[in-house]
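Structure first, commentary second.
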Ligand SMILES: Cc1cc2nc3c(=O)[nH]c(=O)nc-3n(C[C@H](O)[C@H](O)[C@H](O)COP(=O)(O)OP(=O)(O)OC[C@H]3O[C@@H](n4cnc5c(N)ncnc54)[C@H](O)[C@@H]3O)c2cc1C
């Protein structure tokens with residue numbers, strides 16, 4: 001009956017979204033008077049999960065799962081859910097989890113609600129609040145099936161410490177034959193990704209050309225932030241498509257989003273509105289971004305950003 | 001190769017989102033509907049397969065008669081035929097089950113759907129459909145090539161991309177990258193005229209049931225005013241972000 005949660009790791013270490021998903025599963029388990037079981041795949045030390053409310057870990061170690069495969073991972077989760085008799089399964093909103101979840105929903109005959117932002121307001125009927133219309137609204141959705149699958153939005157519920165000690169059990173599910181095979185992975189190393197970043201620094205057409213991105217990268221560097229851009233910037237080829245954020249690009253749900261030379265078109269704002277604190281730097285005081293931002297500087301990016309970098313360096317040196 | 005492109009009928013990205021009937025229904029008043037952007041990238045890639053590899057391209061939507069102008073637009077862009085499954089779309093699973101029937105009846109090899117619809121953002125129809133059909137599935141697909149029954153695809157992952165090899169039958173959740181923005185086609189007069197003559201078949205649903213119910217909607221709380229910092233006093237921004245917002 002326990003609540004099952006998929007806790008993702010990268011090279012053996014848990015991602016923040018995994019700890020957030022575990023915290024969320026704990027909140028549901030408390031409401032339902034049950035425990036939390038986490039599934040880990042090729043993770044090293046699982047004891048940290050106890051700090052976020054996990055009671056039991058099903059530890060899967062299988063080199064056939066080194067590359068992510070939606071069908072195989074969904075099968076692992078299905079077998080774990082059946083073994084635990086789980087009625088609620090929690091996954092995150094990473095690209096991998098969003099790939100796996102619909103497959104798992106069919107396998108488990110589970111109703112699936114994605115982009116969920118809060119603990120369920122009720123567990124019977126099981127009612128969750130989720131983001132719809134790309135952050136322009138919320139829906140209160142009930143999941144009407146016996147088994148429920150919840151996809152948690154990033155940075156919405158937060159990481160909650162909840163001291164427990166997790167018992168660990170080796171788990172060796174059978175794997176289906178893989179018919180989608182990974183040939184190569186091309187991943188930037190040593191750079192924060194937009195998906196994982198606490199802070200995102202984003203540049204728009206106001207920066208005039210790709211040659212001016214040095215200061216955006218420098219600003220991101222001092223802050224330990226990921227870099228992003230508006231759609232026209234990626235359409236013009238100034239920056240790679242993978243940096244395009246907004247309604248038709250990547251969603252951003254960081255703690256801090258800094259927009260430089262971005263006007264704040266409705267499609268841009270929709271995609272970044274889930275960020276907690278928004279800062280805009282723009283020469284035009286009438287730019288719509290000022291209506292969406294928490295802090296703003298009306299000024300020329302080419303003057304303001306270098307100063308901001310200097311101020312941040314001084315600030316960091318004092319920390 | 002027989003291709004089916006799933007077309008979601010969604011509010012234009014500039015739409016103001018409001019609800020009616022005591023916040024239980026989306027207010028379509030004054031809203032312009034368009035082909036879901038992710039689906040439009042997929043449809044455009046399908047046209048490439050048609051022109052370069054002789055594929056047939058059909059489009060499908062699960063929805064009421066009000067979605068027909070959106071299907072006609074897909075026909076004007078170049079799809080051969082359109083099918084509308086005559087039922088209101090309620091949730092991802094119901095739509096996936098209705099689509100599965102269309103795919104089976106039509107014997108499609110490749111189904112191109114969008115990674116998500118920009119209205120309810122479920123992001124689940126392609127994966128559910130693939131699983132119901134026991135077909136291969138690639139999500140967040142940014143490149144697709146098909147040679148006979150083999151396929152090579154690129155999937156966007158967090159922080160990079162991944163190349164995979166797989167085979168037909170295949171379902172993808174597509175997005176920008178499948179084609180570029182500049183490849184998108186605005187239907188011309190001839191396309192629009194031809195679209196009027198192309199078949200738009202209305203089929204009755206299997207009455208698959210939904211598994212979730214969105215009982216009510218709400219809008220985000222209004223935001224407070226922006227706090228402006230003088231361009232000559234940038235240090236104040238650092239101070240506010242540290243002491244007030246506590247994000248650095
Ligand atoms: C279907 C559809 C989907 C879309 N999806 C997205 C999406 O996902 N993401 C997205 O971003 N856009 C999207 N758009 C595009 C969107 O409508 C805007 O065109 C786009 O966001 C504008 O980008 P921008 O702010 O960089 O450029 P602009 O609108 O050109 O704004 C540039 C800004 O820079 C400022 N500026 C100029 N010089 C300086 C300077 N020296 N210092 C500081 N500021 C300066 C200007 O005042 C201006 O406000 C979409 C559009 C459509 C139709």
On each of the three principal axes of the Cα atoms of the protein assembly as shown, give max minus min coordinate, whole Å, ordered largest first. 68, 63, 51
Of all DSSP beta bridges in the stretch B:2-216, what percent run antiparallel (nearest 5)? 40 percent
Would you mind ranking A:187, A:31, A:11 by Cβ crowding within 10 Å, fewest neighbours first? A:11, A:187, A:31
quick note, chain A, DSSP beta bridge pairs, % antiparallel (nearest 5) is 20 percent
Over what distance in Å are the Cα centres of the stretch B:107-164 and the stretch A:191-206 separated? 26 Å
Compute the Rg/Rh shape ratio of the stretch A:199-318: radius of gyration over Kirkwood radius, all on alpha-carbon atoms. 0.93
If the convex hull is drawn through the Cα atoms of the stretch A:3-170, its volume per residue in Å³: 99 Å³
Please average, across the residues of B:215-225, the number of beta carbons from any other chain that are within 10 Å of each residue's own beta carbon, and give a whole number. 4
Fluctuation leader among B:84, B:72, B:196 - chain B, Gaussian network, Cα springs under 10 angstrom: B:196
Rounded to a whole number, the mean other protein chain Cβ count within 10 angstrom for residues of A:306-318 is 3
Among beta bridges that DSSP assigns inside the stretch A:105-258, antiparallel share in %, nearest 5: 45 percent
Would you mind giving the mean number of other chain beta-carbons within 10 Å of the Cβ of each residue in B:236-246, as a whole number? 5
Show me A:188-200, A:170-182, B:120-132 ranked by packing, highest mean number of other Cβ atoms within 10 Å first. B:120-132, A:188-200, A:170-182
For the stretch B:168-194 and the stretch B:221-235, distance of Cα centres in Å: 42 Å
Which value, in nm² and rounded to one decimal, describes the direction-averaged projected area of the C-alpha convex hull of the stretch B:2-216? 12.3 nm²
Mind grabbing the base-10 log of I(q)/I(0) for the stretch B:46-149 at q = 0.10, 0.15, 0.16 Å⁻¹? Debye formula, identical points on the C-alpha positions, no solvent, two decimal places. -0.28, -0.66, -0.76
Can you give the three extents of the C-alpha atoms in the stretch B:80-141 along their principal axes, from longest to shortest, in whole Å? 28, 27, 23
Give the distance, in whole Å, between the Cα centre of the stretch B:1-57 and the Cα centre of the stretch A:36-97. 34 Å
Quick note on A:129, B:152, ordering by fewest other C-beta atoms within 10 Å, gives B:152, A:129
So the compactness index of the stretch A:74-114, its C-alpha Rg divided by 2.2 N^0.38 Å, takes the value 1.05
tail above 35 Å in the computed P(r) of chain A, as % of all Cα-Cα pairs, reads 27 percent
Among B:80, B:58, B:27, which one shows the highest mean-square fluctuation when chain B is modelled as a Gaussian network with alpha-carbon springs under 10 Å? B:27
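Any read-out appearing in this document is the output of simple, stated calculations on the displayed coordinates, not a laboratory observation. Bear in mind the structure is a predicted one, so any value in this text is a computation, not a measurement. Every residue, glycine as well, gets a Cβ built from its backbone with ideal geometry; the counts of neighbours run over all protein chains shown.
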